[in-house]
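Notes follow the structure.
Every number here is computed from the coordinates shown, using simple stated rules; none is lab data. Given the structure is predicted, the values throughout are model-derived calculations rather than measurements. Here the Cβ positions follow ideal geometry from the backbone for every residue, glycine too, while neighbour counts run over all protein chains shown.
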Amino acid sequence: MSVISDVLAKVKQLDPDQPEFHQAVAEVMETLEPTTKRHPEFVKANIYERIVEPERTMLFRVPWVDDKGNVRVNRGFRVQFNNAIGPFKGGLRFHPSVNLGIIKFLGFEQIFKNSLTTLPMGGGKGGSDFDPKGKSDGEVMRFCQAFMRELFRHVGAETDVPAGDIGVGGREIGYLFGYYKKIRNEHTGVLTGKALEYGGSLVRPEATGYGTTYFAAEMLATRGLDFKGKTVAISGAGNVAQYAVEKVNQLGGKVISLCDSSATIIDESGIDQNKCDFVMELKNVKRGRIKEYADKYNTCCVEGSNVWDVIRDQGIKVDIALPCATQNELDASHAAALVKNGCVCVAEGANMPSTPDAVKIFQENNILYGPGKAANAGGVATSGLEMSQNSLKLSWTREEVDNRLLIIMKSIHTACVETAEAYGRKGDYVTGANIAGFTKVARAMLAYGVV
Ligand code: NDP
C-alpha cells in the first residue's frame, strides 16, 4: 500500500458516513502520488495524514424563534481545517442538505484553493441545515443572531474569517456581522462579503462569477480561442451564476441557460444584461423561482431537471459549460452529452459540481477542464483583498480590485499549467491545481514541526 492509499482507506474507515468528504479527499490525494517521491520529507513528517484531519471541528445547537412564536432548533457547524499559511478562511452554507461530511469536503477543498490564490489564508468552512427559503427577513435575522451567538467565540479577524456560500448572501452577512459587532463591541474584519457601507470590498459580489469566467478565458487562450460568439451553458441562478452571466456577456459570449433547484430555463436568444438584471432582482430581492423568467420572456422551462439534464435530453449544442449550482450536479451522462455536442471547455464556478466519472470523460476527450478549486478561487481571493483593505483601513477602487482579481486568476492559471507540466501531466489542471496548492501548505506545515 502506498502512503496515499493508506490515507484514503483510513479516511473512509474513520468516517464512513461522509461520502462527499471521501470524494474530495480521493480527488486530491490521487493526484498527489508523485509528490511522495519528489518530497520524501513530506512522507517522513506524515503530512498526508495530517492534512486530511481538521485542526478543530465545532458542532453546535442553534435555537431560534419563528414568526409564529415556535422555538426551532438547527445544527451549526464550523470546521477549522488548516491554518498553516494564514487564518482559517471559508464560507458559511445554509441549506437543508448541510451535514458534517459536506462541510468537511468544502473545508478540505478550501485549503488548496486558498493556497492557490497567493494570499495568506488557511482553509475552513461552516454552515447549518437551516433553510432560508420561505423564511421571513425577521426569521432569517433571528436565526443568524442565534448562529453567531455561538460562532463568535471561535472566529476573529486574525483567527477565522467566514464568508458567504449557498444560502448566505449579503442579507445574512449583514445580520451575522451586526450581531458579532454588538456582542464583541468591535468593528473588525471578522467576515467578508460585507456591504460597502461597513467594510466590504467593491467587486466581492461579482468576484466568483467573474473569476470563473476569467479562468475559462485563460484556458481558452491556450488554444487560441475566446468567448466571442460562443454559446455558453451556465447552471444555478445564484451569486456565482449571475455574475458569470454578466462577465460572459461582457466578453462577447451568449449564455443560454440557468436553473434553480426547481427548474431550468433555456433561452436560445441569449440571457443579455437586461435579462440578467431581471434574474438578479428576481433572486436577490423578490427571492422568486427561475420559472418566472420563462413566464416573462416566453422561453423554454423544464421543471424538475437541471441544466445538464436538459442539454443532454434535448441535444443542445454548447461551446463552453460553467457549472455554478452545487456539488455533483453534472454526472457522466451529462459529460458525455457535452462532449458529443461540441463543448470544448468546462470551468467550475461551483465546488465539485462534476462527479469523478464526469471529470474522467472530460480529461479523456481533451476538454479544457478547470476544477472548482482553481476556477472559482476568485471569490475567496477577493475576500482576501477585502481583509487586506480592512487591515489597511482603506478602500480600493473598483478598477483596482477587478484588476487584482484578474491578475490572481491569471497567476492561478499559470501555476496550474506550470505545475502540471513539471509533473509530466501537461494540460491536466486537476493535477496542477492540487499539487501547486498542496506543496505550499505542506512546506509551511513542515516548517512548524509537529504541531
Ligand atoms: P446561491 O445560494 O447564491 O445560489 C445557488 C444556486 O444554485 C441557486 O440558484 C440554487 O437554487 C441552485 N441550486 C442549488 N442546488 C441545486 C440543485 N441540486 N439543482 C439545481 N440547482 C441548484 O449560492 P452561490 O452562487 O454562492 O454558490 C453556488 C456554488 O458556488 C456552490 O457550490 C458554492 O460552494 C460555490 N462557490 C461560491 C462562492 C461564492 O463566493 N458565493 C465562492 C466559491 C464557490 P435554489 O434557489 O432553488 O436553491
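Counting charges near His154 (Lys, Arg +1; Asp, Glu -1) among other residues having Cβ under 14 Å from its Cβ returns a value of +3. About its Cα centre, the dipole of the stretch 207-370 is roughly 200 debye, where the only charges are +1 on Lys and Arg Cβ and -1 on Asp and Glu Cβ. Count Lys and Arg as plus one, Asp and Glu as minus one, and take only other residues whose Cβ is under 13 Å from that of Asp357; the net charge is then -2.
Using only side-chain charges placed at the Cβ, +1 for Lys and Arg and -1 for Asp and Glu, the dipole size of the stretch 3-186 relative to its Cα centre rounds to 500 debye. Spread over its residues, the convex hull of the C-alpha atoms of the chain is 138 Å³ per residue. The residues neighbouring Thr414, those whose beta-carbon lies less than 11 Å from its own, together hold a net charge of -2 under the Lys/Arg +1, Asp/Glu -1 convention. The residue list Pro132, Ala146, Thr118 was ranked by how far each Cα lies along the charge dipole of the stretch 60-147 toward its positive end, using unit charges on Cβ atoms, and Thr118 comes out on top. When both bridge partners sit in the stretch 207-370, DSSP labels roughly 40% of those beta bridges antiparallel.
Please identify every one of the trypsin sites (Lys or Arg not before Pro) in the stretch 260-341 that sits in a loop by DSSP and has no more than 16 other beta carbons within 10 Å of its own beta carbon.
On the way: sites: Lys275, Lys283, Lys286, Arg287, Arg289, Lys291, Lys296, Arg312, Lys317, Lys340; in loops: Lys286, Arg287, Arg289, Lys317.
Listed in order of number, the matching sites are Lys286, Arg287, Lys317.
Over the chain, what is the percentage of antiparallel beta bridges among all DSSP beta bridges, to the nearest 5? Of those bridges, close to 60 percent are antiparallel. Residue by residue, the stretch 97-105 carries 3J(HN,Hα) couplings of 7, 5, 8, 5, x, 5, 5, 5, 4 Hz when phi is fed to the Karplus relation 6.51 cos²θ - 1.76 cosθ + 1.60 (θ = phi - 60°); x denotes Gly or Pro.
Quote the relative contact order of the stretch 1-54 in percent (integer), defining contacts as alpha-carbon pairs under 8 Å separated by 6+ residues.
Details: 22 pairs, mean separation 24.4, N = 54.
Averaging sequence separation for qualifying contacts and normalising by length gives 45 percent for the stretch 1-54.
Just to confirm the filter: which trypsin sites (Lys or Arg not before Pro) across the stretch 128-202 are DSSP coil and have at most 16 other Cβ within 10 angstrom of their Cβ?
Answer by residue number: Lys133, Arg153.
A straight line joining the Cα centroids of the stretch 340-416 and the stretch 18-90 runs 20 Å. The loop-placed GluC sites (Glu not before Pro) in the stretch 262-294, going by DSSP, that have at most 16 neighbouring Cβ atoms within 10 Å of their Cβ come out as Glu268.
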